1. Using θ = phi - 60° and the Karplus curve 6.51 cos²θ - 1.76 cosθ + 1.60, what whole-Hz ³J(HN,Hα) does each residue of region 38-43 get, with Gly and Pro shown as x?
2. Given labels modelled 7 Å from the Cα in the Cβ direction, how far is it in nm from Glu107 to Tyr55?
3. In sequence order, what are the phi-derived ³J(HN,Hα) couplings for region 104-121 according to the Karplus relation 6.51 cos²θ - 1.76 cosθ + 1.60 with θ = phi - 60°, rounded to whole Hz, with x for glycine and proline?
4. Quick one: length gained pulling Ser28 to Ser119 fully straight, 0.36 nm per residue minus the C-alpha distance?
5. From the backbone phi of region 90-96, what are the Karplus-calculated ³J(HN,Hα) couplings (6.51 cos²θ - 1.76 cosθ + 1.60, θ = phi - 60°) in whole Hz, Gly and Pro given as x?
6. Could you work out how much longer the chain between Asp6 and Leu76 gets when fully extended? Use 0.36 nm per residue separation minus the Cα distance between them, nm to one decimal.
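Each reported figure results from applying straightforward, stated rules to the coordinates on display, with no laboratory input. Here the structure is a predicted model, which is why all the values come from computation and not from measurement. Please note: Cβ atoms are built from the backbone with ideal geometry, for glycine as well, and neighbour counts cover all protein chains shown.
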Amino acid sequence: MLFKTDDELIAERYFRSSQDIGALFGISAGFTCLQFPDPRPFAMIVTALFFLWGYLSGDGYRRVAKAYLKQYPGPLGGIRFAFTKLPLVVLCLGFLTLIMMGAVTAERISAWGRFLPPSPF
């Protein structure tokens, strides 16, 4: 991919890093939270750590963020930006939010097992 400026290169590296590491952390931590009797407080802690990691790892990116967000004008521009550049991160945050709300539980996930074909063993 060709970049016009160094700022675009920095932003693209940040997005790639956020997608890879952020998604892996968010999904695995979310499933780990489900192992506890009440996963909601643990999901809140994980979400706070998720945002902290995103903030601390985006040092070089923050200086170009304002210029990059100009490509997504309007009141919903930031949301469109997140869905187009960081879809896996949005998915992880949605998953953690559903855990915090109590909508996703280990029992509900296990209930989906009845839709699987029977084990051949």
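1. The phi angles translate into 10, x, 4, x, 5, 5 Hz.
2. For Glu107 paired with Tyr55, the spin-label model returns 3.6 nm.
3. So the J values, rounded to whole Hz, are 10, 10, 4, 5, 5, 5, 5, 5, 5, x, 5, 7, 7, x, x, 5, x, 9.
4. That works out to 30.2 nm of additional length.
5. 4, 4, 5, 5, x, 4, 5
6. Fully extending the segment from Asp6 to Leu76 adds 22.5 nm.
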